[in-house]
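What follows is calculated from the coordinates using simple rules that are stated; it is not laboratory data. Note that the coordinates shown come from a computational prediction; the quantities given were computed from them, not determined experimentally. Cβ: placed from backbone, ideal geometry, glycine included. Neighbour counts: every protein chain shown.
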Amino acid sequence: MSVAVFEQMKRYIGFEDRDAENLRVLRNYLAPHQSYIADRFYRVVAGHQPTRDILTSSDEHREELRRTLINWLEGLFTGVYDESYCQERLRIGRAHVRLGLPQHFMVMAIEVVWRELEAFVHALPRKDKHDLLASLHKLLTLESGLMVEGYRQTYAEHVRQLERDAVRARLSEAEQLAQIGRLAATLAHEVKNPLAGISGAIQVIRDNMKPDDAHRPILAEVLRQISRLDRTVKDLLVYARPKPPRTRECDIVRITERVITLLCEEPNFQKVRCEHVIDEAPPRIQVDEGQLEQLLMNLLLNAAQASTEGGTVRVSSSPADDGVRVVVQDQGCGMSEEVARRAAEPFYTTKARGTGLGLPICHKIVEAHGGKLRIDSVEGEGTSVVVDLPRKPPSHQALPAERST
């Protein structure tokens with residue numbers, strides 16, 4: 001708060017030189033009794049919860065605060081209310097933030113001080129007690145304003161600092177993830193071609209074996225593991241080097257049915273029952289068909305993996321605001337609030353196997369199409385992933401519309 005604002009407050013409540021003189025008069029009477037007034041103040045505070053716990057946590061703490069209150073009372077009656085006075089009182093509000101005192105405590109404390117000082121002034125053998133009390137009330141009003149402003153400034157700066165720290169932490173994390181992504185992309189690129197060569201060589205060896213050769217099951221398992229590694233490599237490449245959508249007008253119901261058919265051979269998908277629900281035919285939308293298939297595959301596989309044997313995975317498509325809503329729901333164990341919050345973080349996973357890139361890739365695909373993805377999960381009940389896609393992404397490379405079948 002600038003001195004100009006402080007002067008404006010003084011003008012607003014009519015604080016004049018006469019009031020400053022009245023307060024100098026009061027100083028002569030009050031100086032010998034400040035310790036008594038401080039004790040009275042803390043007796044009142046001790047009678048109320050939670051201020052008693054805040055201000056009387058220990059004898060040492062209470063004595064320190066008592067000395068601070070006496071110093072504050074001495075500062076009230078200097079008779080000089082200028083820039084130095086303003087800055088000193090602002091520091092009191094800032095100190096309240098550091099001590100962790102709630103803001104409303106300052107207002108209550110000023111009221112308690114006013115009552116104690118008012119009773120003392122009433123007992124003075126003076127005829128101008130009314131004028132003295134009026135000046136004292138004006139000053140305590142100024143004090144409230146200064147303390148609250150000091151508190152506000154410090155608390156605002158504290159919040160801004162927390163925000164700056166959070167932004168720096170997010171930037172640092174983003175930089176680290178970017179470095180990891182670049183490294184992952186390089187490794188994936190180096191692994192992909194040799195992996196394809198190894199897979200081809202093993203298939204040739206397997207095909208030259210007799211049908212009853214005892215080593216055929218071993219080679220079949222090797223090929224399964226190579227296939228798993230190949231999927232991991234593809235995930236790394238997709239996440240680290242995402243391609244912009246090349247969209248065309250598509251029927252999301254048809255794409256969903258095709259994905260469900262493709263997943264029927266997946267072991268995790270065979271243990272569950274899959275329902276495709278269409279309450280109302282959704283509109284055709286502009287999407288990258290390959291990316292949408294990948295999105296649905298990841299979400300449906302996650303739902304199947306989270307489900308118990310015999311459970312149901314439900315996927316629904318419906319019209320939404322200027323677009324389509326897709327919901328993939330399972331009846332599995334659900335996620336805790338912490339796991340659900342972190343589920344979209346790259347490389348975070350609670351599975352024994354997996355890269356932790358499935359949902360992050362889904363997020364990237366949805367965001368690239370100008371949509372939104374939300375996770376709703378309840379532990380012990382299951383998880384729903386809600387995807388909203390617009391009719392047309394904000395910027396896209398359009399291809400000819402798909403053929404109807």
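Taking the Cβ-Cβ separation of Ile13 and Asn71 as r and a Förster radius of 30 Å, what is the calculated FRET efficiency to the nearest 0.05?
Details: r = 24 Å, r/R0 = 0.81.
Between Ile13 and Asn71 the formula returns 0.80.
Say each of Ser35 and Arg152 gets a label point 7 Å from the Cα, pointing the same way as Cα to Cβ; how far apart are those two points in nm?
Once both label points are built, they end up 3.9 nm from each other.
For a Förster distance of 60 Å, can you work out the FRET efficiency between the beta-carbons of Thr78 and Lys372, rounded to the nearest 0.05?
Numbers: r = 60 Å, r/R0 = 1.00.
That pair, Thr78 with Lys372, gives E of 0.50.
I want to check the label-to-label distance for Leu223 and Lys127. Put each point 7 Å from Cα in the C-beta direction and report it in nm to one decimal.
About 11.6 nm separates the two model spin labels.
Longer than 27 Å from Cα to Cα, which of Lys364/Lys392; Lys243/Lys392; Lys271/Lys392 are they? Say none if no pair is. Could the numbers behind the result be given before it?
On the way: Lys364/Lys392 16 Å; Lys243/Lys392 17 Å; Lys271/Lys392 36 Å.
Listed pairs above 27 Å: Lys271/Lys392.
For Ala214 and Ser336, calculate 0.36 nm times their separation in residues minus their Cα-Cα distance, and state this gained length in nm to one decimal.
Using 0.36 nm per residue and subtracting the Cα-Cα distance, I get 39.3 nm.
Calculate the spin-label point distance for His276 paired with Glu257, positioning each point 7 Å from the Cα along the beta-carbon direction, and give it in nanometres.
0.6
Loop only per DSSP, at most 16 neighbouring Cβ atoms within 10 Å: give me the GluC sites (Glu not before Pro) in region 298-340, ordered by residue number.
On the way: sites: Glu309, Glu337, Glu338; in loops: Glu309.
Those satisfying the criteria are Glu309.
Please work out the FRET efficiency for the pair Ala134 and Glu63, using the Cβ-Cβ distance as r and a Förster radius of 30 Å; give the result to the nearest 0.05.
Values: r = 34 Å, r/R0 = 1.12.
The computed FRET efficiency comes out at 0.35.
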